[in-house]
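First up is the structure itself, then whatever we jot down about it.
The values are calculated or read from the model by the stated rules, or taken from the named source; none is laboratory data. These numbers come from a predicted model, not from an experiment. Every residue, glycine as well, gets a Cβ built from its backbone with ideal geometry; the counts of neighbours run over all protein chains shown. Side chains included, ligands, DNA and RNA excluded: accessible areas come from the protein's heavy atoms. Shrake-Rupley method; radii C 1.70, N 1.55, O 1.52, S 1.80 Å.
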Amino acid sequence: MKKLTDAAVAILSAAALTLAGSAAVVPALNAPADYAYAVDDGNDDWLHAKGSRLYDSAGNEVWLTGANWFGLNCTENFPHGLWSADVDTLLSGVADHGINIIRFPISTELLISWMNGKPYSCTGLNPKNTDGYKFNPDFCHDDGSEMNSMEVFDVIMKKCKKYGIKAFIDVHSPASHNSGHNYELWYYEKSSKVADDMATIKEKEGDTGAEVSWQDWIDATTWLAKKYANDDTLLAYDLKNEPHGKRGYTGTSCPTDIAKWDESTDLNNWKYSAEECAKSILKVNPHALILIEGIEQYPKTEKGYTFDTPDIFNAPADQSPWYGAWWGGNLRGVKDHPVNLGSDTLNAQIVYSPHDYGPSVYAQSWFEKDFTTQTLLDDYWYDTWAYIEDKDIAPLLIGEWGGHMDGGKNQKWMELLRDYMINNHINHTFWCLNPNSGDTGGLLNATFSEWDDEKYSLMEKALWQTQKSGKYIGLDHQTALGKNGISLNDFYSNYSASEGSNLDGGTVGGGKVINADTPKTEPATTQAPVTTTTVATTAKEEVVTTVTTEEQRPADTTGVLPLKTVYGDATLDGKVTLADSLAILQFIANEDKYPLSREAQNNADCYNPGDGITANDSVAVQMLDTKQIDSLPVVLK
């Protein structure tokens, strides 16, 4: 008999927390000693791409709709606002407001300190846990001393898990620097005029003045991915915030201090660097999503221009050799040079992540007219990034969008982009929760404790939610998204087929799990005879026979349609997979929290049908998956 596959271990791991404290005991069905179970609940929520959409491991579509929370990229070394806001109050509020994922900007420098075992301390956090005063006590050790930045991050990840929130990091800058986003590249480049300030170690606790190298960037990000490889709270890695830089007007070769996108192996080639970093991360966590932003300028390759072509000063747009964009927003290179990680499996983890802003950040040319969705598409969006979704190349996640509520052009742009993302299943993270973002403001007030209702109302429409009841949909299969939300399992079990969600502007169905609890009242019909053939297994006490029935279950006289049995298919997706094993275990552990419909229970009873749902049924599904048996049900003679 074979060992459980890695997927089986992951599925069983996801059930461990559910089973903890219950009386459920999983029998081994006479399996050998190497038929083992892992104890971890962090591996059932990983995602992958197919075309322009994201899916969970069961093939259900998901939509990432979140917000940014910066501070780990800055010299304080923790997400801003925790100097005045209670972390539980803040994160529970985020969940209650329907934000299902948080993008955490962070610096490579801070990651290096963690990787080297010398995590930086936090500046200005000041948690307390004394008899007389408590403030963010979870950031204190048992002796009352303050945790370091890595320990604080770990606590925040646990809090996110508690409230049903997912997370990803964005490598915002090489150095810990409150203006580090202004640096063009992801490593120290000596030709840059600001490299000594923005790409060297700044903290006194670190190797002050040391250059943050290209390899440092890869190693530190990979280290974090390995640390969290078995915790799907941290779902993704945005490899670098806003690579940028302009070609300039002189010279015959591309400067080394700007981000480019071509087929070279130059370190400043963002495509090449992103591929190398992504492959390194996926070696230690093949389930992580890899977010790849764009650059700033891209040459008009259709006219023969390359990154070596100098720009023309004050040239009209139709005469310039270059297409401009927001920093990190230009993904025209994907058309000519798509990111390729070497296999379809690895490429299925890629998400392209442009940034887009309105005229309050900068008065771009496409805002000069009375713009509409169509003019924005024609003048900028489509050829810069929207074609990637439209041509089904890969998913998009707008990593930053947002701005001031001016009652004018900027607000109009936000509404147009918001609606475009809703109607075209584009994932996004709003910039930002923080009120201390000068050119955009935030969703929270200066104390990080109250919400800007007007701004939140604008972005709230783009949060994933059910169409009628307005339940916010989380990305965790087990834990509901705050007090106003539901888990992913809950959505696909009880809402998807009935009211659906606002994804794609409003869709019903599309999930693999259907709510079948409501009795059907159509006249009963008689099913044709069904023959179920099984073969002997290696389990010593089992004798497997062929079962032929006129109906799979005794005739139903209640007016409910007879059930068509697909043995093992507890999730009602028409297949028997490890997801069914997990669903059975959850039902056994807590029937109220993880209910199965009548049809699902009928299918789940696949080990000695008729004796009720037991852990034997779950193990039988696992044995089918590992090819220890060829079919279900397992029938005892």
Quiz item: Dipole of the range 119-273, Cα-centred, from +1 at each Lys and Arg C-beta and -1 at each Asp and Glu C-beta, to the nearest 20 debye?
Solution: 480 debye
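Run the numbers for THR375 and SER179: contour at 0.36 nm per residue of separation, minus the present Cα-Cα distance, in nm. It would help to have the intermediate numbers written out before the result.
Values: separation 196, 0.36 × 196 = 70.56 nm, distance 3.27 nm.
Length gained between THR375 and SER179: 67.3 nm.
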Quiz item: So between HIS337 and SER191, what do we pick up on full extension, going 0.36 nm a residue minus the alpha carbon distance?
Solution: 50.0 nm
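Over the range 253-402, with the other protein chains present, what is the accessible area per residue in square angstrom, probe 1.4 angstrom?
Details: 5840 Å² over 150 residues.
Result: 39 Å² per residue.
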Self-check item: Options LEU377, ASN340, GLY442, ranked by Cα towards positive dipole end of the range 311-446, top entry (Cβ charges)
Solution: GLY442
Quiz prompt | Proximal lysines relative to LYS575, as straight alpha-carbon distance under 24 Å, when same-chain residues fewer than 8 apart are discounted | solution = LYS2, LYS3, LYS50, LYS512, LYS520, LYS564, LYS593, LYS627
Self-check item: Given LYS159/LYS468; LYS166/LYS283; LYS128/LYS162; LYS260/LYS335; LYS128/LYS161, the pairs whose alpha carbons are separated by over 19 Å
Solution: LYS159/LYS468; LYS166/LYS283; LYS128/LYS162; LYS128/LYS161
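Please report the carbon-and-sulfur percent of the accessible area for the range 210-266; probe 1.4 Å, protein heavy atoms only, DNA, RNA and ligands left out. Mind showing how you got there, number by number?
Details: 980 of 2110 Å².
For the range 210-266, the apolar C and S fraction of the accessible surface comes to 46 percent.
What is the dipole size for the range 118-168, taken about its Cα centre, with +1 at each Lys and Arg Cβ and -1 at each Asp and Glu Cβ, in debye to the nearest 20?
Details: 8 positive and 7 negative charges, 78 e Å.
Dipole magnitude for the range 118-168 comes out near 380 debye.
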Exercise. Using θ = phi - 60° and the Karplus relation 6.51 cos²θ - 1.76 cosθ + 1.60, list the HN-Hα couplings for the range 54-65 in order, rounded to whole Hz, with x at every Gly or Pro.
Key: 10, 9, 8, 5, 8, x, 8, 6, 10, 9, 8, 10
Practice problem: With r as the distance between the Cβ atoms of THR345 and GLN215 and R0 = 30 Å, compute the FRET efficiency 1/(1 + (r/R0)^6) and round to 0.05. | Solution: 0.75
